[in-house]
Every structure is written in C-alpha cells, then in structure tokens.
Amino acid sequence: MACTRVDGPGQNGDHEHAMPLSEDEQRILREIEANLSVTDPKLVQQVSDTTLYRHASRMIKWAALGFVAGLVLLLSTFTSVLALGVVGFLVMLFCLLVIERNVRKMGRAGLESLTGSMPGGALKGMFGDAGQRWRERFQRDDDTP
C-alpha cells in the first residue's frame with residue numbers, strides 16, 4: 001500500500017506521520033501517472049533518470065569547474081586589477097559553498113557511490129593507505145639513541 005506524508009507546522013517530515021493512501025487515491029495516482037507518461041514522456045524519462053545523487057554530483061562537478069575558473073581569474077588579475085581578483089575570490093567562495101551544500105545533501109552513501117563509480121576504484125583506494133604509509137615512514141624508533 002502506498003503512503004504519503006502529511007507534514008504540519010513544526011514537523012520535520014519524519015515517517016511517524018505517514019498516512020497510507022486509500023485504494024481510490026491509489027487509483028487516481030496511477031491514472032495521473034499514466035496520463036503524464038502519455039502526454040509528456042520526455043519529462044517522465046528525465047524525472048525517472050534524475051536522482052538526488054546524480055543531480056548533486058553534477059552540481060559538484062560544475063562548482064569545481066567554477067572554482068578553477070575563479071582561481072585562474074584571481075591569479076591572473078590580482079596584481080593588475082584588484083577588483084577582478086576580488087571577483088575571482090568571490091567566485092571561488094561561492095563554488096565552495098555549492099560544493100559543501102551538495103556534499104551534505106549526498107551524505108556518506110552518495111559520496112561512496114559517486115567515488116566508487118570513478119575509474120580505478122574509489123578515492124579511498126587512491127588515498128586510503130597514504131596516511132598509514134606516512135605514519136610508518138615518520139614513526140620514530142624509540143630504541144635508537
């Protein structure tokens with residue numbers, strides 16, 4: 001049985017307030033979905049393909065590109081035109097805020113699925129043992145004088 005959330009003022013949308021749909025409401029919902037898929041199949045395909053993780057990862061990629069563009073603007077114009085250097089810094093700051101917001105949206109599971117799909121494994125596979133190697137490299141032997 002399908003459920004819908006009923007959020008009132010002061011409620012944060014938790015599942016304690018889930019209310020099951022009646023059979024009549026489920027029938028109406030199925031009819032709306034069928035009509036939508038007939039009238040606008042592109043929208044149905046786009047909505048079914050787009051997930052929170054995919055959208056957030058796309059935003060992170062664009063923000064990273066914007067960050068690099070802001071850095072280039074900052075480094076290339078800071079000494080000659082201070083105002084453009086400041087604009088570059090503000091672009092970098094805005095892009096970092098967008099990255100942070102979308103990483104929070106994705107959470108740990110989304111980040112692992114995003115990095116797991118990267119070629120060569122996950123980021124952890126690339127950098128996971130680096131901390132251990134540094135600790136071993138710089139570990140002092142207390143027996144030597």
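The values are calculated or read from the model by the stated rules, or taken from the named source; none is laboratory data. From a predicted model like this one, the values you see are computed outputs, not experimental measurements. Because the Cβ atoms are built from the backbone with ideal geometry, glycine has one as well, and the counts that use them run over all protein chains shown.
Is it the case, given these coordinates, that Gly66 is surrounded by 10 or more Cβ atoms within 10 Å (Cβ to Cβ), in contact with a Gly (Cβ under 7 Å, 6 or more places away or on another chain) and modelled with pLDDT of 85 or more?
Criteria not met by Gly66.
Any idea how many residues of the range 31-70 are part of a loop (DSSP other than H, G, I, E, B) and either more than 22 Å from the chain's Cα centre (by Cα) or of a type outside the set (Ser, Thr, Tyr) (or both)?
Residues that pass the stated criteria total 1.
State all residues of the range 71-110 that are touching a Leu at 6+ places or on another chain (Cβ under 9 Å) and either at pLDDT below 90 or among the polar types (S, T, N, Q) (or both); if no residue qualifies, say none.
Answer for the range 71-110, where residues must be touching a Leu at 6+ places or on another chain (Cβ under 9 Å) and either at pLDDT below 90 or among the polar types (S, T, N, Q) (or both): Ser76, Thr77, Phe78, Val103, Lys105, Met106, Gly110.
For the range 69-85, which residues satisfy the criterion of being surrounded by 13 or more Cβ atoms within 10 Å (Cβ to Cβ) and polar (S, T, N, Q)?
Ser76, Thr77
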